[in-house]
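**Q** This structure is in structure tokens; I'll ask about it shortly.
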Amino acid sequence: MAINLRTAAVETREQRLGTITAWDEGTAAKLAEQSEYSRGCGAGCGVGNKGSKLCELESPFTQGGSCAEQVVQGQASGILDAVLVQHSPIGCAANQPMNNTNFRNTLARRGMAVRNSLALSTNLTERDMVYGGVEKLQETIREAYRRHNPKAVFIATSCATGIIGDDVETAAREVQEEIGIPVVPVFCEGFKSKHWSTGFDAIQHGVLRQIVKKNPGKKQEDLVNIIILSGTDVYTPMLAELGLRANLVLNLATIEQLEQMSEAAASVSFCYTLASYFTAALEQEFGVPEIKAPQPYGFAGTDAWLRAIARATNREEVTEAYIAREHARVRPIVEELREQLKGLTGYVAMGASFAHGVVVVLRELGIDVPGTLVFHHDPVYDSGAPERDTLGHLVEETGDVENFTVGIRQHYQFYNLLQRVNPDFIVIRHGGLSPLASRLGKPSLQLGDASFPLGYQGIINLGAEILAVLGQKKFHEDLAAHSSLPYRRSWLDEKDPFALARAAVA
Amino acid sequence: MSAKKTKQIAIYGKGGIGKSTTTSNISAALADAGYKVMQFGCDPKADSTNTLRGGEYIPSVLDLLSEKRRVDAHEAIFLGFGGIYCVEAGGPAPGVGCAGRGIITAVELLKQQRIFEELDLDYVIYDVLGDVVCGGFAVPIREGIAEHVFTVSSADFMAIYAANNLFKGIEKYSNSGGALLGGIIANSMNTDFHREIIDDFAARTKTQIVQYVPRSLTVTQAELQGKTTIEAAPDSAQADVYRALAKRIAEHTDSKVPTALNPKELREWSAGWADQLIEIERASERARVAA
Amino acid sequence: MVVALKERGDGLPGAAEQSGPIEQLRYACSMGAMQTAAAIPRVIPITHCGPGCSDKQHNALTAANGYQGGGWGGGGVAPSSNATQREVIFGGTDRLEELIEATLKILDADLFVVVTGCIPDLVGDDVGSVVRGFQSRGAPVVYAETGGFRGNNFTGHEIVARAIIDQFVGAYDGEREPGLVNLWSLLPYQNTFWRGDLGEIKRLLEGIGLRVNLLFGPDSGGIAEWKAIPRAQFNLVLSPWLGLETAAHLQEKYGQPFLHIPLIPVGAKAAGEVLREIAAFAGVSERAEAFIAAEERTYYTYIEAFSEFYSQYRWGLPARFAIAADAAYALALSKFAVRQLGLLPARLIVTDNPPGEYRDAIAAEFRALDHDTEGTVEFLEDSYLIHQQIRSAAFGHKPPLILGSTWERDLAKELKGVLMEIAFPASYEVVLTRSNVGYRGAITLLERIYSTTVSRTA
């Protein structure tokens, strides 16, 4: 089904893509086969068909996850000249300190002046739950405008305002007319979607509806939208080699950068979980082509990704030269790393498409990857382009992953999962699971910088980082000998991380 | 996709006032006249469309939502009399959960899946439980959903209170592009006195009576068969009343902002009528005794 | 005529009842009290809320705040119902029941504390009836209704404490043990230094001859201490307001007296005064004097050494300070700064939104910073306003000392000042046992203030 920008609230991922958060039936190939791509169906099957072969497990025991609002908060407060208003009781804003840490460190990493991120909470109380919070919302938007003179204000809704039914859309429009800058409501009530990645879609939906220029006057033939997360800017130099300019969004972007997304020659990303909605909608609504290629991980993936960009922007010749140069530079170093990393086993645990990419890089380095945990699974991405089948690409290029699991970042399951494969180290991106690995004596490589493993240089980066992380083993082994886990013996002896879920349906 | 604009109408009324009966008869009359109609029940009881489907209950949008991780709105749409698309929002059992949120969710789901456009509808009629108790129940009158609101009311004071509450809701949303009031559908109008009360209320709140609908045995008989009057007794006088009502609603274009009475005004107004009522009863008592 | 049982007040709501927008928050919501439960050894919170609520509260409190770690059973371990549309529309009690059932199968703890978020509190889940079902089976589970709109984690803390007392500790009509004291002081996890501080306070109380139910942290004996609460001779509320509600409840429930001392002692002067007051109340004065004397000997030996730096340092020491912290730390550190470091207050801001009825008393404490120094406290929670106030304070010609949080990093640069992160969120600090209170903590605090000062231009 096509993307629908007419409603203020985005359709959730489970509705659009058939996203699941729990699956444990064996190999990566099996999951790929059960997903939409392998059936050659592409988009347009209509709701109710997509992902219908996937059987989702539901466990009675769950630990805290994350929510769409949390994602929106990170994304919106990272837009440099905008301010985020969190329309919620104070607890939703409790993520601000963590968010600010990410923001400040990313600014430093990108060589920009370090400062605090900007977000205001409407700080709703019991009274507002009963009488509604719209007035407070409008006052807070005005206050945000007075204080910071932003180019746009984003509003993140919350479970509480969703339940009491505040008319946020109207409230936003009224203040927008008054202050004359876009006031963008982003509907991201945590309870609405089981997976936090709906938050990416929600903020992108808002940006597409209210910020991106509807009728771009001119096309910028050398501008490429790159949908990123916080990380080093590896793109600008890479694209400069091809004579292109990178429009990095949303992280640390300006409103002007977001406006001109419709003028770009193409849109691309390193992570299709993140960019699925944005790139498909930009193509559908603004005619900006989505780059249809595997993600840029490992030699083959990066080659294909760059070539697809080259085709879309008519830069084949320079691109081929760049690819050849990079291969010549990187291959010998990778050979050396393969030698040093020989015999190691790694385990990957992170967001779906990013994990698909990182497994490819690990295998490029000769590391055995017998197991992977992804925090959700999209059977298809919004555009439905088969070239973007990241899981299929992983299996085809580097072989199957024997123990492939979809699970929504559950601490208790991670124990059983690690018992299955007993890796030397773990590559991870989200918080929460590494401490458990640590208590089992396993070091974790934290991919805090999302740009770290991508492209040709990414293979080198990851290899070098693994060598560094293995050194931490002593710390973790010492800890393992002196700590306990809060789980019952019966659970620690359990081989099946989904035993409870399976028992519930049996 | 056709260029025609679907006309969306919300009909509110206090529980038990005959709101679903009236709505279903309007839908049936419109369908009879050749329009493509959807009736969307917004009441946790999920029985708005029963008489359009032979008295049969249909699974609600929220029933589906509670069973499945992903809902195809088509699965909650059922064909009723005259090709009317019947949808029930549904909701929780009494005393648990949040019925208001349920309505928001159900309406949003159909909008996101562009059902109204896809079915190329002429009319969507929301049948809404009508005290406007929280944000959720006001969803159909917010901007972008219904344009016109009608309220079903009898001359009973509790029904009028509910109508007055609805008017407050409309006043609130009217500044922000929400629905406006088409008028009052005066139900169970059997005496002149009933008419006088409801006429007076309409005058006080600066609105109009769209139609007087008398209480009728025909309606009860039709309902017992699980049918609307339009279907069960198309040639009855009551069916003519509903057809006239449907026609007026179909032709209706200009809705207004009502002037809801404040609590004091409402109290004084009802007290005034109560005095008259007592006076009339006394008079008839005296007449009986004299006779 | 209608007569109300109580006449309606006609005054405007006080500052404490108003709630404006908050930028750069300085506490979590009521459900942040999940970490109050997690602060008790072998106790695990069960969060009944939306999918991100637990993550946000514990990340804020335990990661972005000194990287303390979530604890054995808190943080990512805590079970969560992760409520969806279904639980919102149809109610979430079935889901909660299922979750508790599964939790008892998987996790091994001495006590589980169900805390609720906005969702169940709004849709009206009858959490009590679910939990009572488990209690009647003898399962160690209690519940606390902590929906985020009810207040902050300070409020939530007292709700959780009361839930454990009423539903787990229960009735008691036995003897009380002289010399046993229940301590109600800093808010665990919210205060970045709570573990070290509670440890030092315990050391001081034991030093004067008392035994302590510390209740929270690595130095606490866990639920055995909670079970022993009714046996204590008295409750000690060592904070300006937090804990008073709990102490009043215990007084009512068990007839147990309480001693309220608003000042958490930092430095020898305050420690001596506070310990003497406690000792007098508990009847252990003699032993206290010996302990105080011994502590002071050590303390002043260090201060003497420090004086060579303090009196001779040539490149500028701060003369005035601003503080923005919760009432407990704001008061404790301000008094130390004024009375023992010879600093003057430029701006005093309390950020934890104390209930209105306590504010006058708190303000009075600040007015009496020292016999010759009067302070004016302001109650603010919005960092934008806090920064405006600090910016407009008079710091003289010396570099301002700002005792605050990470939110003041940019401000400190702007004012060319010295920032010490002593309040939530302290995201540029890694804190384990470090303490700022008592005798030893005061020395550490002093070391940190002046290390930061001398390295400012490094």
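The values are calculated or read from the model by the stated rules, or taken from the named source; none is laboratory data. Remember, it's a predicted structure, so these values are computed and weren't measured experimentally. FYI the Cβ positions are ideal-geometry reconstructions off the backbone, even for glycines, and counts take in every protein chain you see.
**Q** Looking at the range C:241-267 only, could you name the residues that are buried (at least 22 other Cβ atoms within 10 Å of the Cβ), closer than 18 Å to residue C:159 by Cα and in contact with an Asp or Glu (Cβ under 8 Å, 6 or more places away or on another chain)?
**A** Result: C:242, C:243, C:246.
**Q** Given the conditions (1) in a loop (DSSP other than H, G, I, E, B); (2) more than 14 Å from chain A (Cβ to nearest Cβ), which single one is not true for residue C:352?
**A** Going through the list (1) in a loop (DSSP other than H, G, I, E, B); (2) more than 14 Å from chain A (Cβ to nearest Cβ), residue C:352 breaks only (2).
**Q** Let me ask something additional. What helices (runs of 4 or more DSSP H), lying completely within the range C:44-142, carry at least 3 residues that are within 9 Å of chain A (Cβ to nearest Cβ) and out of contact with any Pro (no Cβ under 6 Å at 6 or more places or on another chain)?
**A** C:53-58, C:85-90, C:93-106, C:118-123
**Q** Here is a further query. Could you pull out every one of the helices (runs of 4 or more DSSP H) wholly within the range A:295-398 that has 3 or more residues that are without any contact (Cβ under 8 Å) to a residue 12 or more places away in the chain and over 18 Å from residue A:427 (Cβ atoms)?
**A** Per the criteria, A:316-340.
**Q** Of all residues in the range A:124-170, which are outside any helix (DSSP H, G or I), more than 27 Å from residue A:253 (Cβ to Cβ) and of a type in the set (A, V, I, L, M)?
**A** If the condition is that a residue be outside any helix (DSSP H, G or I), more than 27 Å from residue A:253 (Cβ to Cβ) and of a type in the set (A, V, I, L, M), then A:124 is the only one that fits.
**Q** Here's another thing I want to ask about it. Whether any residue in the range B:142-149 is more than 14 Å from chain A (Cβ to nearest Cβ), part of a loop (DSSP other than H, G, I, E, B) and β-branched (Val, Ile, Thr) is what I want to check.
**A** no
**Q** Does residue C:191 fit the bill of being within 22 Å of residue C:41 (Cα to Cα), surrounded by 24 or more Cβ atoms within 10 Å (Cβ to Cβ) and free of Cβ contacts under 8 Å to residues at least 60 places away in the same chain?
**A** Spelling it out, it is not the case that residue C:191 is within 22 Å of residue C:41 (Cα to Cα), surrounded by 24 or more Cβ atoms within 10 Å (Cβ to Cβ) and free of Cβ contacts under 8 Å to residues at least 60 places away in the same chain.
**Q** Cβ-Cβ under 9 Å, sequence separation 6+ or interchain: first residue in the range C:355-380 and closer than 22 Å to residue C:244 by Cα and touching a residue at least 60 places away in the same chain (Cβ under 8 Å), partner part of a loop (DSSP other than H, G, I, E, B) and of a type in the set (A, V, I, L, M). Which pairs?
**A** C:365/C:263
**Q** Name the pairs whose Cβ atoms lie under 7 Å apart, with the first residue in the range A:91-111 and more than 14 Å from residue C:407 (Cα to Cα) and not assigned by TED's automatic domain parsing to the domain that holds residue A:234, the second assigned to a helix (DSSP H, G or I) and modelled with pLDDT under 95, and 6 or more positions between them or separate chains?
**A** A:91/C:148
**Q** Only one of these is in contact (Cβ under 8 Å) with a residue 60 or more places away in the chain, closer than 23 Å to residue A:71 by Cβ and of a type outside the set (Val, Ile, Thr): C:122, C:61. Name it.
**A** C:61
**Q** Is it the case that the range B:61-77 has a residue that's in contact (Cβ under 8 Å) with a residue 24 or more places away in the chain, at the interface with another protein chain (Cβ under 8 Å from one of its Cβ atoms), over 23 Å from the mean Cα position of the chain (by Cα) and farther than 29 Å from residue A:59 by Cβ?
**A** So far as the range B:61-77 goes, yes, one or more of its residues are in contact (Cβ under 8 Å) with a residue 24 or more places away in the chain, at the interface with another protein chain (Cβ under 8 Å from one of its Cβ atoms), over 23 Å from the mean Cα position of the chain (by Cα) and farther than 29 Å from residue A:59 by Cβ.
**Q** Can we say residue B:96 is surrounded by fewer than 24 Cβ atoms within 10 Å (Cβ to Cβ), of a type in the set (Val, Ile, Thr) and either away from every other protein chain (no Cβ under 14 Å) or assigned to a loop (DSSP other than H, G, I, E, B) (or both)?
**A** Against the criterion (surrounded by fewer than 24 Cβ atoms within 10 Å (Cβ to Cβ), of a type in the set (Val, Ile, Thr) and either away from every other protein chain (no Cβ under 14 Å) or assigned to a loop (DSSP other than H, G, I, E, B) (or both)), residue B:96 qualifies.
**Q** Also: Of all residues in the range B:4-24, how many are within 14 Å of residue B:153 (Cβ to Cβ), of a type in the set (A, V, I, L, M, F, W, C) and outside any loop (DSSP other than H, G, I, E, B)?
**A** 1
**Q** Scanning for something under 30 Å from residue A:20 (Cβ atoms) and surrounded by 21 or more Cβ atoms within 10 Å (Cβ to Cβ), does the range A:174-185 turn up at least one residue?
**A** Checked the range A:174-185: at least one residue is under 30 Å from residue A:20 (Cβ atoms) and surrounded by 21 or more Cβ atoms within 10 Å (Cβ to Cβ).
**Q** What are the residues in the range A:75-98 that are more than 7 Å from chain C (Cβ to nearest Cβ) and either in a loop (DSSP other than H, G, I, E, B) or surrounded by fewer than 24 Cβ atoms within 10 Å (Cβ to Cβ) (or both), if any?
**A** A:77, A:78, A:79, A:80, A:81, A:87, A:88
**Q** Only one residue in A:486, A:453 is crowded, with 19+ Cβ neighbours inside 10 Å, within 14 Å of another protein chain (Cβ to nearest Cβ), modelled with pLDDT of 95 or more and touching a Leu at 6+ places or on another chain (Cβ under 8 Å). Which one?
**A** After applying the criteria, what remains is A:486.
**Q** Pairs only if they're at least six apart or on different chains, beta carbon under 6 angstrom, first in the range B:141-157 and acidic (Asp, Glu), second buried (at least 22 other Cβ atoms within 10 Å of the Cβ); list them, first residue then second.
**A** B:143/B:178; B:147/B:179
**Q** Filter the range A:99-123 down to residues that are under 22 Å from the mean Cα position of the chain (by Cα) and in a loop (DSSP other than H, G, I, E, B) and give me whichever is nearest to residue A:137 (Cα to Cα).
**A** If we take residues in the range A:99-123 being under 22 Å from the mean Cα position of the chain (by Cα) and in a loop (DSSP other than H, G, I, E, B), then A:118 is nearest to residue A:137 (Cα to Cα).
**Q** Right, next: Here are C:273, C:277, C:225: which of them is in a helix (DSSP H, G or I), modelled with pLDDT of 95 or more, in contact with a strand residue (DSSP E or B) (Cβ under 8 Å, 6 or more places away or on another chain) and closer than 24 Å to residue C:334 by Cβ?
**A** C:277
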